[in-house]
Amino acid sequence: MPSPTTITAVDVLVTSPGRNFVTLRITTADGVVGLGDATLNGRELAVAATLRDHIVPLLLGQDAHRIEDTWQFLYRSVYWRRGPVTMTAIAAVDVALWDIKAKLAGMPLYQLLGGASRSGVLAYAHASGRDVPALLDSVRQRIEEGFRAIRIQTSVPGVRTVYGVSSAPSPTGRYSYEPAKRGPLPAEEDWDSQAYLRHIPGVFETVRAEFGAELPLLHDAHHRLTPIQAARLGTDLEPYRLFWLEDVTPAENQEALRLVRQHTTTPLAIGEIFNTVWDYQTIIREQLIDYVRSSVVHAGGITGLRRILDYAAQYQVKSGMHGPTDISPVGMAAATHLSLAIHNFGIQEYMQHDPITSEVFRTSFTFTDGLLHPGEEPGLGVEYDEDAAERFPYERAYLPFARLADGTIHDW
Ligand SMILES: [Mg+2]
């Protein structure tokens, strides 16, 4: 006879309601179900295969209560440690086990993580425009929707397609920007760092003049600048007092941020492509950043991200979890529980899913007056409708890539 908490079924569920998502579902002998988000944008099937072919057989027959032991076993026994595919797979297992444990305890997950440290989780929205008047309209719309912090991205003269700029409002008026396009090959975009550096400070000057000094404003440079260019941008943006400037340099080289930091007091955020605490060792210890961008989904789950954030807390570095639509509703719920519980919470990205996504994922988290709250359902507060999911089969989709005017590949 298995114990009531023995893992008896593990399912890898792939669906595409609006975009591709991978979900792990773990079921115990007494029928308690836990969900984990295993979505890695543009490489979804690699994580699905890792789970299905290599990890599911290791979980069957194990005790669902042993979260830390399972995390250490999956991290150390693979031998080939770290990497986005492995750490996203581990995250899905970890979050599903936390969901089960909280359901067994009869409490929302944030209570198991120590209880609420605040009344709600400050969320920031995306706003963008193909020109400055369109950007101002977009900011206005997001404020009317209740957001109290806004990330702004804008087109650059002479560049055809720029990261983060929504091509047009959807027919419903809902803000949408989805860089991963369905199709056989990735889309090609273009880039010019000098044109960008000339254009952006004037955009912030206009937005500040229109919306005043108090609105928290964020901006993402999306890994495209050299350290000295990033230092220039940070310096030029200082008069506009950004909440943060994100991903100024490619994230592989932590030491690049020393040069940036030396020149500017603009707060820096980095790490959405990082997946373990080791990726942050230098930049947190040397206090080269202000916000950690890792998500629960790509950094080893609640267990993995909490390790990073506890390390960050010693250096007054706060959370700023990645949260566009490639984080599924399961991942967003996990982020909201963790953000409510930790002391060093900073801000949470919240892009809002296509309404069709809610046909598959039923959530209990709420967004009111600019704040997210995970709700009071036991566990994560998310249900997965498998019948609905089958109506949305996987479709291949890639993130774009960028070339300079002379054809050279650049960081996207
Ligand atoms: Mg980013």
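Points worth noting:
- Positive-end residue, the chain charge dipole about Cα centroid, Cβ charges, pick of A38, N344, P329: N344
- 5 angstrom amide H check on W412, placed H, neighbours 5+ away: A402
- Contour minus Cα-Cα distance for R198 and T282 (0.36 nm per residue): 27.2 nm
- Calculated FRET efficiency, R307 to D411, Cβ-Cβ distance, R0 = 22 Å: about 0.20 to the nearest 0.05.
- The simple spin-label model puts a point 7 Å past each Cα toward its Cβ; for H343 and D131 those points are separated by 5.1 nm.
- Counting only lysines at least 8 places from K318 when in the same chain, those with an alpha carbon closer than 30 Å to its own are K101, K103.
- For segment 288-408: rounded, prolate or oblate by the Cα gyration tensor [a/c cutoff 1.5]: oblate
- For K181, no lysines have a Cα falling under 23 Å of its own Cα, not counting residues fewer than eight places away in the same chain.
- Net dipole in debye of segment 258-348 [+1 Lys, Arg Cβ; -1 Asp, Glu Cβ; about Cα centre; nearest 20]: 180
- Taken as Cα centroids, segment 97-113 and segment 81-95 sit 20 Å apart, rounded to the nearest whole angstrom.
- Centre separation in Å (Cα based) which lies between segment 133-192 and segment 300-318: 30
- Take every DSSP beta bridge whose two residues both sit in segment 112-377; close to 20 percent of them are antiparallel.
- Potential lengthening of the chain between D354 and I228 amounts to 41.5 nm, from the contour at 0.36 nm per residue minus the alpha-carbon distance.
- Whole-Hz couplings from phi, Karplus 6.51/-1.76/1.60, listed for segment 119-125; x for Gly and Pro: 7, x, 10, 5, 10, 10, 9
- A simple rule links phi to the HN-Hα coupling: the Karplus curve 6.51 cos²θ - 1.76 cosθ + 1.60 with θ = phi - 60°, which for segment 146-151 gives x, 6, 10, 8, 9, 8 Hz, with x for Gly and Pro.
- Karplus-derived HN-Hα couplings along segment 154-166 (A = 6.51, B = -1.76, C = 1.60, θ = phi - 60°), whole Hz, x at Gly and Pro: 9, 5, 10, x, x, 10, 5, 10, 10, 3, x, 9, 5
- Helix-only CD estimate at 222 nm, as mean residue ellipticity for the chain, using -39500 (n - 2.57) per DSSP H run (n ≥ 4): -9500 deg cm²/dmol
- Close amide-amide hydrogen proximity is noted between M107 and G379, each under 5 Å apart and 5 or more residues distant or on a separate chain (H modeled in the peptide plane; Pro and chain starts excluded).
- The chain - Rg and Dmax from Cα coordinates, angstrom: 20.8, 69
- Separation of alpha-carbon centers, segment 240-299 and segment 369-408, rounded to whole Å: 24
- Between M107 and L259, the simple spin-label model (points 7 angstrom out along Cα→Cβ) gives 4.9 nm.
Computed from the coordinates by the stated procedures, all read-outs in this text should not be read as laboratory data. Just so we're clear, the structure is a prediction, and the values are computed from it rather than from any experiment. Positions of Cβ are backbone-derived with ideal geometry, glycine not excepted, and every protein chain shown enters the neighbour counts.
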